[in-house]
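Structure incoming, see below.
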Amino acid sequence: MCIGTGLGGHAKGRSAYGGELNKRQLMPDDLRSDEDLILADRAGETNALDILFRRYDKQTHFYLLNESLIKKDDAFLEDIKQEIFLKVLTKLRAGAFKPAGDGSFRAWFYTIAQNICQNYNYWRIRGPKNIYGLALDLIPAKSVLSPQEEEEKAAEIKAKLSQVLAELSPEETALMQMLGDGMTYKQIQGHPEFAKHSIDYLGLKVYNIRKKIRRIKR
Amino acid sequence: MKNKCEKYGMAITNYVLGEDLRMPAEELFAHLRVCQKCRDELVDWRETYAVMRTEAYYKKPKAQKKFQELLEKIKNLPAPTLRQAGQPVTRPTRTVLDASSEINSAAKDIYKFGKGYTGGNPEIKVPIPVIRKKTYYKGYPFYEAMGTLVRDKKANYTKDKDNQPTHASFK
């Protein structure tokens, strides 16, 4: 599900968190599978759920950015993320997930994330002027990929993205960085570097960058 | 066909970024419904943008700190009642009202959902399975409630060749 985050494969001790976190990821505790960690939590190990939730932090963030209609508001995304983890914790503590018989924790986790995300999409930010609700049925929900598949796909997307970024001009790179920070065209216009450009120009620029990305991906 | 899709390219870019589409949203969605290529592009760009946003977010030092705070917060909330594995789940039962109240409540919920979903635009048809999924009433009162709405001239619904309702629109 979380294509491109580079976080697949954690269940077997591999991780793309990068940098210092990689060292921690490879500690013996983190080599345990999700299901083993749940069993450890039930046996009274206080840290087990911390390790488990930390694995899903970045993936959940990516999932929400990809699937929900909230694109710019980081604070709102954090609230939804909290709701997801709280629900998972509540259900785990209530014994709703059985590591031996309920399939993978990963699929179970994403089912909860998907339900909460859809709930927000349909009920909380949908309004008469919200155009996004109309397109929700156009894009089918994706199936949960295995950690290995995720890792391969993430590596591929990341490699292609870095290839694209190397080809961009300094102005285009700055524009992409601002978009990555969640800035709107209007906010970007407020930046001295882009103050002389109209919103339409910025839109066209981003569109051209997208075309470049598409070309390289193919 | 290529030029036609080109026209929607910028709208797709802006749609994912949450910017103004520069064209009626319905026009874009009507095109997306029939064009697999543009749908793929939308999904592809959405993924790319989500990767960019996620990477940028996790480069900030506050991201890890915030997650630690989140963990502390949810772990300190009062623990739910523990249930032993294997014990049957007891779900709260819904109070069943009398038939007419049940139908009226169902009609109210369906109408509320439909109005919100279509944004008050009666031209847009909501698929019946979506209404079923998103309203509490999935069983008996459903069609009765639709009937009530139709009688009150608040809704229309279309039927397929098997005479089963497929889509509803709300006035």
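The values are calculated or read from the model by the stated rules, or taken from the named source; none is laboratory data. Since we're looking at a predicted model, the values are computed, not measured. Cβ: placed from backbone, ideal geometry, glycine included. Neighbour counts: every protein chain shown.
Condition first: buried (at least 18 other Cβ atoms within 10 Å of the Cβ) and either facing chain A (nearest Cβ under 8 Å) or under 20 Å from the mean Cα position of the chain (by Cα) (or both). Now tell me which residues in the range B:32-42 satisfy that.
Once the filter is applied, which keeps residues that are buried (at least 18 other Cβ atoms within 10 Å of the Cβ) and either facing chain A (nearest Cβ under 8 Å) or under 20 Å from the mean Cα position of the chain (by Cα) (or both), the range B:32-42 yields B:32, B:39, B:41, B:42.
Hey, among the residues in the range B:18-30 that are more than 7 Å from chain A (Cβ to nearest Cβ) and of a type outside the set (D, E, K, R), which one's nearest to residue A:181 (Cα to Cα)?
The selected residue is B:21.
Additional query: Just the residues that are of a type in the set (D, E, K, R) and either in contact (Cβ under 8 Å) with a residue 24 or more places away in the chain or closer than 16 Å to residue B:55 by Cβ (or both), please, taken from the range A:172-218.
A:172, A:181, A:205, A:212, A:217
Return a yes/no flag: does the range B:107-121 have any residue that is more than 9 Å from chain A (Cβ to nearest Cβ) and at pLDDT below 80.
Checking the range B:107-121: not a single residue is more than 9 Å from chain A (Cβ to nearest Cβ) and at pLDDT below 80.
Is one or more of the residues making up the range B:76-96 assigned to a helix (DSSP H, G or I), at pLDDT 80 or above and more than 10 Å from every other protein chain (Cβ to nearest Cβ)?
So far as the range B:76-96 goes, no, none of its residues is assigned to a helix (DSSP H, G or I), at pLDDT 80 or above and more than 10 Å from every other protein chain (Cβ to nearest Cβ).
If the requirement is being crowded, with 20+ Cβ neighbours inside 10 Å, hydrophobic (A, V, I, L, M, F, W, C) and out of contact with any Asp or Glu (no Cβ under 8 Å at 6 or more places or on another chain), which of these qualifies: B:52, B:23?
Being crowded, with 20+ Cβ neighbours inside 10 Å, hydrophobic (A, V, I, L, M, F, W, C) and out of contact with any Asp or Glu (no Cβ under 8 Å at 6 or more places or on another chain) holds for just one of B:52, B:23, which is B:52.
Same structure, new question: Of the numbered conditions (1) more than 9 Å from chain B (Cβ to nearest Cβ); (2) at pLDDT below 85; (3) in contact with a helix residue (DSSP H, G or I) (Cβ under 9 Å, 6 or more places away or on another chain), residue A:139 satisfies every one except a single condition; which is it?
(1) is the only condition that residue A:139 fails.
Residues in the range A:64-98 that are touching a Phe, Trp or Tyr at 6+ places or on another chain (Cβ under 7 Å) and either more than 19 Å from residue B:47 (Cα to Cα) or part of a helix (DSSP H, G or I) (or both): how many?
The number of residues fulfilling the criteria is 6.
If the requirement is being acidic (Asp, Glu) and touching a residue at least 24 places away in the same chain (Cβ under 8 Å), which of these qualifies: A:79, A:74?
A:74
Can you name the residue in the range A:158-176 that is modelled with pLDDT of 85 or more and touching a helix residue (DSSP H, G or I) at 6+ places or on another chain (Cβ under 8 Å) and is also surrounded by the fewest Cβ atoms within 10 Å (Cβ to Cβ) among such residues?
A:171
Here is a follow-up. Does residue B:23 satisfy being in a helix (DSSP H, G or I), aliphatic (A, V, I, L, M) and under 20 Å from residue A:185 (Cα atoms)?
The answer is no for residue B:23.
Counting just the residues of the range B:1-16 that are among the hydrophobic types (A, V, I, L, M, F, W, C) and more than 7 Å from chain A (Cβ to nearest Cβ), which one comes out farthest from residue A:204 (Cα to Cα)?
Looking at residues that are among the hydrophobic types (A, V, I, L, M, F, W, C) and more than 7 Å from chain A (Cβ to nearest Cβ), I get B:1.
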